[in-house]
Amino acid sequence: MGNPDKLEELERQMEQSFPYLASDEQSSTNRNAQTLSDFEGSIQETQIKNQVEVPQTKKWVHFVAGGIGGMVGAVITCPLDVVKTRLQSDAYQSLYNKSPKSTNPLIKAAQHFKETGSVIHQLYATEGSRALFKGLGPNLVGVIPARSINFFTYGTTKELVSSHFNDGHEATWIHLVSGINAGFVTSTATNPIWLIKTRLQLDKTKGRHYKNSWDCFKHIIKYEGFRSLYKGLSASYLGGVESTLQWVLYEQMKSFINKRSIEAHGAHGATKTTKDHILEWSARSGAAGAAKFVASLITYPHEVVRTRLRQAPLESTGKPKYTGLVQCFKLVVKEEGLVSMYGGLTPHLLRTVPNSIIMFGTWEIVVRLLS
């Protein structure tokens, strides 16, 4: 018979090689089980990570894209912005709001649309085509940095707060805090520009009072002082509620759209067609418009108060009629009724809703191009 030591060695080798004699599937699970388990775990973690994480875009891209989106939206919707500003001002209330409004909501809405169109026509007929774009210069000067600052501040705040206080995860309260901070920073930085834009749009003298934005700026500094450039800032801070609410609603709707996309096409969207991409882009842009619509309806009175606070002083006394946020609100309601707090709402919605759609849609396209 053979050497006992050799037989024992052969038996030991056979026992060790037995798992490898099974099928490939079995051998893959039996061989070095601990190492394979760790390996499979790492693969699953990588797959989950790839599904959850969104490719990071550099902050300067959002800064540039936000400015371009704001600029495109401002140019297209400028005539409606002029109409909105005039209907908010008491200087034009009696001139434009002549026809009595129906109590029927549908008829009343139709009357508002008709009134907006007639104001644009009258503005063009009496003051020329350039009047439709009054204040566009300071509007662009304001919109570009305002939207750049807003998108940049919102994104940076969201990233910092989520990473330091919520383990890198997003939440509604983070969107809320980010929106408040973005509104505060943007309003403080750009208030003088919006004040000049408002003065130019309310000028009835066809350029005899203010020749241009720079002339308006010098006039305000000379006769009203530097602090006058920040008239309406308190109402702008109050208006931060609108932008915050818009951001929160937009994030919720965008999250819903993204979840539906993942359910239909998977995390990486390998099955998406060009049509699917266009439809999703349209849905996200539409979500921005819907969010703006809801936010504007809830917070619109601050727009009227802000415009009144930015009006030029009365020619008869040389003093401003409205001196503060609360005083302005009380005086407007007392003299003109609560309904006047919604003056210019129709052209405002006609402007801001498509403006938001255009701005967010352009922003997303520019981000994709620059990334």
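The values are calculated or read from the model by the stated rules, or taken from the named source; none is laboratory data. Computed from a prediction, not measured in an experiment: that's the story for all the values here. So basically every Cβ, Gly included, is an ideal-geometry build from the backbone, and we count neighbours across all protein chains shown. These accessible areas exclude ligands, DNA and RNA; they are computed on the full protein's heavy atoms, side chains included. Shrake-Rupley method; radii C 1.70, N 1.55, O 1.52, S 1.80 Å.
In a simple Cβ point-charge model (Lys, Arg +1; Asp, Glu -1; nothing else charged), the stretch 195-343 has a dipole of about 580 debye relative to its Cα centre. For the listed peptides 309-317, 138-146, a ranking on the average number of other beta carbons within 10 Å per residue, highest first, reads 138-146, 309-317.
Annotation: extensible slack from residue 298 through residue 219 equals 24.9 nm (criterion: 0.36 nm per residue apart, minus Cα-Cα distance). Here r is the Cβ-Cβ distance between residue 316 and residue 258 and R0 is 45 Å; the resulting FRET efficiency, rounded to 0.05, is 0.20. Structure note, pairs 114/204; 84/275; 108/197: Cα-Cα distances above 26 angstrom occur for 84/275; 108/197. By a 1.4 Å probe calculation restricted to protein chains, residue 298 has an accessible surface near 110 Å², given to the nearest 10. Computed over the stretch 231-370, relative contact order equals 33 percent, with contacts defined as Cα pairs under 8 Å that lie 6+ residues apart.
Just so you know, the Rg over Rh for the stretch 231-370 is 1.15, from Cα atoms, with Rh as the Kirkwood radius. Taking all protein chains into account, the per residue accessible area for the stretch 172-294 stands at 53 Å² (1.4 Å probe).
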